[in-house]
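What follows draws every value from the coordinates through simple rules; no lab data is involved. Because the structure is a prediction, the values reported are computed rather than measured. Using ideal geometry, Cβ is built from the backbone for each residue, glycine included, and neighbour counts are taken over all protein chains shown.
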Amino acid sequence: MNIILIGPPGAGKGTQAKRLVSARGMVQLSTGDMLRAARTSGTEMGQRVAEVMERGELVTDEIVIGLIEERLDSLEGTGAIFDGFPRTLPQAAALDRLMAKTGRSLDAVIEMQVDDEVLVERITGRYTCGDCGEVWHDRTRPTAQPGICDACGSTNLQRRADDTEDALRRRLMEYYKQTAPLLGYYFAHDKLHRVNGLADMDTVSDVIASTLAQV
């Protein structure tokens, strides 16, 4: 089974992708991770990626599709979770062609829907332990002692520089501009399924599992 997870920053796509990897043996295909890996791989495609990135240019859709094709060829029947791709209608069409070329099909597109105001509160209040990676939140999951990680005792608690309200609202606006056409595209192809991304993680996982069982 091959699926796409779509949702704004902070909707929980990464968490649900990891759960699907664990529960179903799927492989998460993150374009960001693939680009970073390709840059240092030494392959012909990797050299093309490195040259483009060293020039400070955006990696073309052709290169990204090439990387995805390489990765799909290595999966040997394992299902894939597309993360961060496609972002545009031309990319969606290119992915459809690639899936057909490799004898695969896109089975479902899961949109993780959120309320923007709740999402802003969720994201701007979070902070992470720089030592153990545990995630905390000012309101919903504060540390017992301010400035000290409950999990490991570290005082290295950090907030992402772009987790400010202004930065997040800009990212949300860009996401909706890019994604709206994609949602229409996949709805028209009867692939789109919607999930409440603000429900607790277990509930979201259960709904996704139920959705995929019916595909």
> Taking the range 123-168, which residues are under 18 Å from residue 11 (Cβ atoms), in contact (Cβ under 8 Å) with a residue 24 or more places away in the chain and not in a loop (DSSP other than H, G, I, E, B)?
Replying inline: 123, 124, 126, 128, 165, 168
> So, of the residues in the range 108-133 that are under 19 Å from the mean Cα position of the chain (by Cα) and of a type in the set (D, E, K, R), which turns out to be nearest to residue 153 (Cα to Cα)?
Replying inline: 126
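On the given criteria, is residue 87 touching a helix residue (DSSP H, G or I) at 6+ places or on another chain (Cβ under 9 Å) and among the charged types (D, E, K, R)? Outline the logic, then answer.
Numbers: touching a helix residue (DSSP H, G or I) at 6+ places or on another chain (Cβ under 9 Å): yes; among the charged types (D, E, K, R): yes.
Criteria met by residue 87.
Out of 163, 200, report the one residue that is among the charged types (D, E, K, R), out of contact with any strand residue (DSSP E or B) (no Cβ under 6 Å at 6 or more places or on another chain) and surrounded by 14 or more Cβ atoms within 10 Å (Cβ to Cβ). It would help to see each step written out before you state the result.
On the way: 200 fails: surrounded by 14 or more Cβ atoms within 10 Å (Cβ to Cβ).
Checking each option against the conditions leaves just 163.
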>> For the range 135-158, which positions are closer than 14 Å to residue 120 by Cα and surrounded by 12 or more Cβ atoms within 10 Å (Cβ to Cβ)?
In response: 137, 138
> Only one residue in 88, 78, 43, 31 is over 25 Å from residue 7 (Cβ atoms) and either touching a Gly at 6+ places or on another chain (Cβ under 8 Å) or β-branched (Val, Ile, Thr) (or both), so which one is that?
Replying inline: 43
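With a cut-off of at least 2 residues that are within 30 Å of residue 159 (Cβ to Cβ), name the helices (runs of 4 or more DSSP H) lying wholly within the range 1-86. Walk me through it before giving the result.
Details: elements: 13-24, 31-39, 44-54, 61-73.
Counting at least 2 such residues, we get 13-24, 31-39.
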